[in-house]
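Some notes on the structure that comes next.
What follows draws every value from the coordinates through simple rules; no lab data is involved. Computed from a predicted model, the values in this text were never measured in an experiment. Glycine gets a Cβ as well: all are built from the backbone with ideal geometry, and neighbour counts include every protein chain shown.
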């Protein structure tokens with residue numbers, strides 16, 4: 001904890017940034033930036049700063065380094081696991097005002113954005129050119145936050161997550177220096193890959209102030225197949241077969257019967273309440289028809305009980321809105337409870353056994369749990385609704401640990417797309433204990449004062 | 001330079017590794033590992049070590065760290081620019097005996113290999129499963145070397161270079177510790193991206209001892225279109241239009257008239273000696289026909305003077321063999337000279353002007369120069385044949401610098417796929433001077449004694 005008082009910090013920042021409107025100490029704003037709706041308890045920041053330029057960010061970082069004040073970057077606040085929660089107070093650096101789309105280069109399939117741009121706003125703009133940015137974590141996240149978390153989501157099976165879709169970054173390092181990584185060229189081998197080092201660093205190595213992103217043509221046509229099975233095992237086996245059979249599948253989401261029942265209750269749909277794949281195909285009409293025809297053979301062989309092929313864009317939109325708003329639907333159903341989820345990812349052939357194993361562990365607990373999976377990547381989330389004041393969070397953590405150990409044994413990861421934050425530091429130790437000294441050495445080299453998002457990723461080396 | 005004598009080093013290594021056959025001080029072997037056929041003069045290593053296991057590599061690194069002996073990793077020796085040339089003697093660590101294909105997982109589209117596996121041998125093995133590893137730098141490079149260089153090549157326009165195709169690595173760090181990065185899962189957000197940090201680090205941060213690679217289905221059908229134009233400007237404009245028009249193009253190579261004339265002379269072909277695109281399509285018969293039909297419109301609009309569509313696999317193979325052996329063909333033509341090439345990459349819309357600008361600079365020199373470009377990525381190589389003892393290398397470097405400055409101004413890079421090594425350290429300064437302190441801090445953090453491939457990437461911080 002810094003030796004400088006909240007009042008001094010706010011006054012100094014106002015003077016530095018030349019404007020009172022860029023610094024807030026209002027209690028509701030401080031409280032809003034003190035948590036992420038999850039289980040992590042932080043310490044209310046001393047001030048929330050709303051920089052409007054890279055220069056503002058650099059000024060904040062120089063000040064923070066000089067006075068050893070923790071800085072926790074904050075985007076749209078949609079992430080979980082404690083990544084945006086200030087553990088030691090200090091400055092919450094809210095980048096939402098840096099929300100300009102700086103340049104669109106349709107011929108080069110790239111776009112330059114500030115970190116506070118939200119992905120839906122970006123896609124609305126890109127649609128004018130018949131283009132889109134594919135990474136889709138569900139929530140309307142900020143691009144800077146998505147890069148810092150190494151976000152992925154429903155379309156990753158086809159387009160990849162953030163890494164293959166970020167060409168270049170501008171960032172402010174702990175000492176206030178402004179650096180540019182990568183270029184707008186499609187590839188580069190000029191020195192160490194600082195772009196990918198900042199992606200997924202959860203704001204512990206630098207503050208991203210600009211991103212150059214790869215963008216893609218919107219497919220000519222899109223069709224969604226909803227395919228239900230009588231059990232989860234067959235649904236997950238179908239995923240393995242599908243990923244090998246088609247190159248134009250852009251989404252393979254797996255939902256269990258309980259998840260579908262919640263969707264039906266909340267969104268007024270009448271979907272078959274059975275384990276179901278939502279499969280999106282994007283391409284030419286002919287290619288889609290061919291691949292769905294081939295898919296039908298797979299589904300029927302695995303005993304599918306219902307197949308609906310949906311070509312209408314409005315109906316498709318409704319499906320993905322339900323998928324993206326499943327979290328809020330779940331929260332509305334369990335007032336007073338908090339959701340906590342697993343984020344396992346395994347090699348695709350291991351998906352059926354990994355889900356079956358998880359299901360066995362879960363069934364013993366009696367907790368309310370729903371399965372939503374980016375199944376085409378081998379990534380599955382079990383979402384638990386828990387009472388934070390009970391022993392339920394600890395119980396979930398124990399189950400998650402067993403799932404993580406199982407995943408690691410079959411070549412998978414404990415953290416596919418949500419990052420480490422605070423909650424999963426034990427899993428990082430389990431998964432990459434051998435790498436932690438090197439990761440810590442990099443952190444110490446780039447942020448010797450330990451002021452950038454302290455307490456995240458590795459608890460014991462970043463305390464400010 | 002180490003204080004330990006060559007004799008002591010060799011004796012100690014033989015004892016450590018328990019075998020005389022793993023250590024060589026034979027003069028021809030030492031000489032072979034002292035250069036890469038390019039312009040960089042190194043210092044003959046004290047010993048060449050041929051490790052046969054990760055344990056061997058770890059033992060070498062522990063010894064080297066203890067005695068402050070430089071270690072220069074060596075794969076197949078196909079890279080240029082000095083990356084494998086020992087600048088301070090010490091140990092050349094030749095990984096060619098670690099050439100096992102450890103596991104093929106066709107259902108998960110991944111393969112686990114040791115670093116000394118050559119890409120052609122890997123593809124011969126994968127062909128049994130209808131699969132292939134796409135990254136194709138031309139030479140029959142080793143996979144460990146390709147990762148360390150961040151190699152790419154002819155197929156990158158469709159499949160990407162090494163980064164999106166490496167899932168996980170095992171590596172030995174400077175202190176001899178063995179670490180594993182990534183997993184076999186398609187994605188992970190578990191801590192810093194150590195996989196991409198090692199990729200392209202040119203052996204300065206660790207020695208790669210195992211790689212888990214993504215593999216891909218061999219397309220159902222492949223067709224190559226050879227399209228010639230009356231000038232280079234129209235050929236490069238066609239590239240820009242093509243990249244936006246088809247998603248099944250797997251190669252777009254651009255060769256100028258001089259390059260084609262050398263190919264004809266060396267390989268006995270009778271290709272039209274004009275600026276030419278070699279475009280490979282891979283997919284279904286129908287999709288290829290459709291896309292070539294669309295391509296024809298583009299080519300004809302830009303005044304193509306010759307179009308040959310080649311469906312025969314043997315004829316296609318002959319084309320790519322000529323492309324891949326263009327270097328040797330050129331060397332055979334200029335005995336006593338050395339080749340040195342540029343490796344610029346620009347956003348695709350800038351390709352025509354970047355090539356035109358380079359051509360102007362080059363025409364003033366009167367040097368023998370050939371253009372071979374991975375044009376679909378915006379990456380072009382001008383290959384110069386120079387007399388190492390003359391002022392020609394310095395002249396080429398001056399031109400390259402002007403080309404690099406032009407590329408940076410339009411959002412490109414000076415080093416697309418060949419890395420920095422020794423030759424391009426000045427360009428790295430030009431391109432990422434702001435990032436060098438962070439890169440150097442990482443190097444110092446992971447290799448405090450500076451023994452891993454000293455003198456590469458940044459000259460002044462890695463001297464052993």
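Please report B:362, A:305, A:262 as a ranked list, fewest other C-beta atoms within 10 angstrom at the top and most at the bottom. Can you show the working numbers first?
On the way: B:362 18, A:305 15, A:262 21.
Result, fewest neighbours first: A:305, B:362, A:262.
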task: Averaging sequence separations of C-alpha pairs under 8 Å and six or more residues apart, then dividing by the length of segment B:1-99, give the relative contact order as a whole percent.
output: 35 percent
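Going by average Cβ density within 10 Å per residue, which order do the peptides A:443-449, A:4-10, B:48-54 take, highest to lowest?
On the way: A:443-449: 19.0, A:4-10: 15.7, B:48-54: 21.6.
By packing density, highest mean first, the sequence is B:48-54, A:443-449, A:4-10.
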query: In what sequence do A:424, B:120, B:337 fall when counting other Cβ within 10 Å, fewest first?
result: B:120, B:337, A:424
message: I need two numbers for segment B:287-423: Rg to one decimal and Dmax as a whole number, Cα atoms only, in Å.
response: 17.2, 53
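For segment B:277-354, what does the alpha-carbon gyration tensor say about shape, rounded, prolate or oblate, given a ≥ b ≥ c as the root eigenvalues, a/c under 1.5 as rounded, and a/b over b/c as prolate?
Verdict is oblate for segment B:277-354.
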- prompt: For helix B:6-17, what angle does its Cα long axis make with the longest principal axis of chain B, in degrees from 0 to 90 and rounded to 10?
  reply: 90 degrees
- request: Could you tell me how many degrees, from 0 to 90 and to the nearest 10, lie between the Cα long axis of helix B:436-446 and the main elongation axis, the longest principal axis, of the Cα atoms of chain B?
  value: 40 degrees
field: Rounded to 10°, Cα long-axis angle of helix B:232-245 versus longest principal axis of chain B
entry: 80 degrees
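Sort B:166-174, B:96-104, B:310-318 for me by packing, meaning the mean count of neighbouring Cβ atoms within 10 Å per residue, highest on top. Before the final figure, lay out each step's value.
Numbers: B:166-174: 24.4, B:96-104: 16.3, B:310-318: 12.3.
Order by mean packing, descending: B:166-174, B:96-104, B:310-318.
Among rounded, prolate and oblate, which fits segment B:362-464 when a ≥ b ≥ c are the square roots of the eigenvalues of its C-alpha gyration tensor, a/c under 1.5 means rounded, and a/b larger than b/c means prolate?
Numbers: a/c = 2.41, a/b = 1.66, b/c = 1.45.
It is prolate, given that a/c is not under 1.5 and a/b is the larger ratio.
If you count, for every residue in A:338-348, the Cβ atoms of partner chains within 10 Å of its Cβ, what is the mean? Could you put the intermediate results ahead of the total?
Values: counts 0, 0, 0, 0, 0, 3, 1, 8, 5, 11, 8.
That works out to 3 on average.
Over the whole of A:428-438, what's the average partner chain Cβ count within 10 Å per residue? Rounded to a whole number, please.
Values: counts 2, 1, 1, 5, 10, 1, 7, 11, 3, 6, 16.
Partner-chain Cβ atoms within 10 Å, mean over residues of A:428-438: 6.
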Relative contact order of chain B, pairs being alpha-carbon contacts under 8 Å that are 6 or more residues apart, as %: 16 percent
query: Rounded, prolate or oblate: which one fits segment A:123-249, using the alpha carbon gyration tensor with axes a ≥ b ≥ c (rounded when a/c is under 1.5, else prolate when a/b beats b/c, else oblate)?
result: prolate
- request: Place the peptides B:325-334, A:223-232 in order of packing, highest mean first, counting for every residue the other Cβ atoms within 10 Å and averaging per peptide.
  value: A:223-232, B:325-334
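Note down the Stokes-Einstein diffusion coefficient of the protein assembly as shown in µm²/s, whole number, using a Kirkwood radius over alpha carbon pairs, 37 °C, and 0.692 mPa s.
Details: Rh = 28.7 Å.
Answer, rounded: 114 µm²/s.
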query: How well do other chains shield peptide B:411-419, expressed as the mean number of their Cβ atoms within 10 Å of each residue Cβ?
result: 6
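Length gain on complete extension for the stretch residue A:317 to residue A:297, per 0.36 nm per residue less the alpha carbon to alpha carbon distance? Intermediate values should be presented prior to the final figure.
On the way: separation 20, 0.36 × 20 = 7.20 nm, distance 2.62 nm.
Once the chain is fully extended between residue A:317 and residue A:297, it gains 4.6 nm.
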Dimensionless Rg/Rh of segment A:1-102 - Kirkwood Rh, Rg from C-alpha atoms: 0.94
message: Can you compute the helix-only [θ] at 222 nm over the protein assembly as shown? Use -39500 (n - 2.57) per DSSP H run of at least 4 residues, normalise by all residues, nearest 500 deg cm²/dmol.
response: -11000 deg cm²/dmol
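Go ahead and run the numbers for FRET between residue B:324 and residue B:409, Cβ-Cβ distance against an R0 of 25 Å, rounding to 0.05. Could you put the intermediate results ahead of the total?
Numbers: r = 32 Å, r/R0 = 1.29.
The formula returns an efficiency of 0.20 here.
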- line: For A:384, B:132, ascending order of other Cβ atoms within 10 Å (fewest first) is B:132, A:384
message: Please compute the contact order of segment B:102-163 in relative form: average sequence separation of alpha-carbon pairs under 8 Å and at least six residues apart, divided by the residue count, as a percent.
response: 28 percent
task: State, in angstrom, two size descriptors of chain B derived from its alpha carbons: Rg to one decimal place and Dmax to the nearest whole number.
output: 22.3, 69
message: Modelling each spin label as a point 7 Å along the Cα-to-Cβ direction, I'd like the residue B:62/residue A:218 distance in nm, to one decimal.
response: 6.1 nm
